[in-house]
Amino acid sequence: IGLLGDGTIAVAWGEMKFGPNYNDEIRFSRSSDGGLTWTPSVAVHPEQPATEYLRPSLLVVGNRILISYWAGVAYPNARPTVVASDDAGEHWGTPITVTTRTGPYDGSAPCLAYNDVRGTVGLAMPTSTEAIYFFMSADLGATWSGGVQVNDASASSVDYPDLAGSLLPSAPPN
């Protein structure tokens, strides 16, 4: 859930459609009257049969909305993905795969945060190998750093990382 500059409430969620072809969706809606009424929901990504879309995280920066989510055909081929709207959710751009690098990026629940002083966006996500990875964008989600492992992955399970936007650096880690 996020709040646009004019007070509009923005919400994103995942809709799972079980079956042989999945056809899950990440949906978006907004309310300009404090939540009394809502726009019809829209899918924020092109339809791709047999693709899983899970656990969105929504970030609002002015009228720009970023939604990160887990997208893939099946484990272990999923990747963290981000889609953006520059007009308060009226239209959505082409989804950007945060990393195409091979590795254990088949986790779910990517988390977004924004540092308004530095203008940087961070994304953290768990993987199936119990690692947490951090990615960063210095251009509001158009491009992303390569990813840095945060933990030593010795836990039996990790899930749902969170980020504090005020602590994000001004440049991606090396």
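The values are calculated or read from the model by the stated rules, or taken from the named source; none is laboratory data. Predicted model, so just to flag it, every value in this text is computed and none were measured. When we count neighbours, we look across all protein chains shown, and the Cβ atoms used for this are built from the backbone with ideal geometry, even at glycine. Areas reflect the complete protein model, heavy atoms only, side chains present, ligands, DNA and RNA absent. Shrake-Rupley method; radii C 1.70, N 1.55, O 1.52, S 1.80 Å.
Okay, here's what the table says:
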quantity	calculated
Residue order for H91, H45 - accessible surface, 1.4 angstrom probe, largest first	H91, H45
Whole-Hz ³J(HN,Hα) from phi, Karplus 6.51 cos²θ - 1.76 cosθ + 1.60, for region 84-95, glycine and proline x	10, 10, 9, 10, 6, x, 5, 9, 10, x, 6, x
Other-chain or far-sequence residues with amide H under 5 Å of A12's (modelled H)	none
Solvent-accessible surface (1.4 angstrom probe) belonging to T37, in square angstrom, nearest 10	80 Å²
Peptide ranges 112-118, 62-68 listed from the most packed, as the mean C-beta count within 10 angstrom indicates	62-68, 112-118
Extension reserve of the T129-E47 stretch, reckoned as 0.36 nm per residue once the Cα distance is removed	26.7 nm
Built amide H within the under 5 Å cut-off of I96, gap 5+	V82, V83
